[in-house]
Amino acid sequence: MKAIRIIKSQKQEIMPGRFINAPLPAAELNYDDTSPFVLLHHFGPFEINYLNKFAFEPHPHRGFDAVTFLFDGEMQHRDSTGGTGHLSAGDVQWMTAGSGILHEESQPEGFLKQGGVIHGIQLWINLPRKYKMSSPRYQDIASGNIPVIETGSSTERVIAGEYKGIRGPAETYSPIIAVHGKIKNGQAIKSEIPEYNNSLVYVTLGSISIGDSLITGGNMAQLSGEGKEFEISAAEDSEYLLLSGKPLGEPAVQYGPFVMNTMGEIKQAFLDYREGKFGILRD
Ligand code: MN
């Protein structure tokens, strides 16, 4: 298995003066090349304080899982099901929007007052058609509940799926592997994923090599579907997110905060949202 394409992130100004890396969706990839992965936004590291937040006002989602991998800082959320949660460095929030949720994401007051660095990834994973309208749910995965595989002083945290015989804690609606790797300067990690999956490696810090391909920070490699094994090496301390999923083989339409199978279903999502069917956020 090898890297067949390097995808350079687009820079997106997600709020005034705040640029994120957005490698997915990518102009050079079709959805069938990345299914079930729809969108990857890498935010930070950003300096945050009470005058300069990284917060998202209430907004809806339907039809997919929105996963937040927080590497540094703190985040909090609340939603229209009455759910709330708090994330610290290393935690993962696996939110199934399903039939529809309205939520807001921000930093806790204490964190804003002190100021600090925030760094993470938001990943959208499509749901199979038959689960798109399932009930919304949250899986708050604490860092301490994520198994760690050690190779030398490098580590792989298995967040979802079965990887090297270790099962990650996230429950998913289709077969997915998500591994957060931290690789030390001069070391190498042997990796193994199922054949014929769609697999991506996004580099959050430093730079890594897969075979002859160098992937620098903020960019992503698409792996070939053939073969299972590959080696990741690094000439500096680096971090990455390895994603591998069985393609859903269903059409997908993404529009704004919704991911459905047809444009008709997208229109229905907007109608339902306007009619208040996603609920409200209570004070
Ligand atoms: Mn959201």
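In the stretch 22-42, what residues are surrounded by 23 or more Cβ atoms within 10 Å (Cβ to Cβ) and more than 15 Å from ASN126 (Cα to Cα)?
Across the stretch 22-42, the qualifying residues are PRO23, HIS42.
Yes or no, residue by residue, for (1) in contact with a Leu (Cβ under 9 Å, 6 or more places away or on another chain); (2) within 24 Å of PRO58 (Cα to Cα); (3) assigned to a strand (DSSP E or B):
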| residue | (1), (2), (3) |
| --- | --- |
| ILE189 | no, no, yes |
| TYR196 | no, no, no |
| LEU200 | yes, no, yes |
| VAL203 | yes, no, yes |
| GLN222 | yes, no, yes |
| LEU243 | yes, no, yes |
| PRO251 | no, no, no |
| VAL259 | yes, yes, yes |
| GLY279 | yes, yes, no |
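Are any residues in the stretch 15-58 under 16 Å from the mean Cα position of the chain (by Cα), among the β-branched types (Val, Ile, Thr) and in a strand (DSSP E or B), and if so, which ones?
Scanning the stretch 15-58 gives ILE20, VAL38.
Within the stretch 238-283, which residues are small (Gly, Ala, Ser), within 23 Å of the chain's Cα centre (by Cα) and within 16 Å of the ligand (Cβ to nearest atom)?
Once the filter is applied, which keeps residues that are small (Gly, Ala, Ser), within 23 Å of the chain's Cα centre (by Cα) and within 16 Å of the ligand (Cβ to nearest atom), the stretch 238-283 yields GLY256, ALA269.
Where residues in the stretch 217-246 are of a type in the set (A, V, I, L, M, F, W, C) and within 25 Å of LYS11 (Cα to Cα), which of them is surrounded by the most Cβ atoms within 10 Å (Cβ to Cβ)?
Filtering first and then ranking leaves LEU243.
Among the residues of the stretch 173-193, how many are polar (S, T, N, Q) and surrounded by 22 or more Cβ atoms within 10 Å (Cβ to Cβ)?
Count: 1.
Only one of SER153, SER88, SER135 is surrounded by fewer than 15 Cβ atoms within 10 Å (Cβ to Cβ), more than 15 Å from the ligand (Cβ to nearest atom), within 19 Å of the chain's Cα centre (by Cα) and of a type in the set (Ser, Thr, Tyr). Can you tell me which?
Sole residue among the options that is surrounded by fewer than 15 Cβ atoms within 10 Å (Cβ to Cβ), more than 15 Å from the ligand (Cβ to nearest atom), within 19 Å of the chain's Cα centre (by Cα) and of a type in the set (Ser, Thr, Tyr): SER88.
Every read-out reported here was derived from the displayed coordinates using simple, explicitly stated rules and does not represent laboratory data. Remember, it's a predicted structure, so these values are computed and weren't measured experimentally. Positions of Cβ are backbone-derived with ideal geometry, glycine not excepted, and every protein chain shown enters the neighbour counts.
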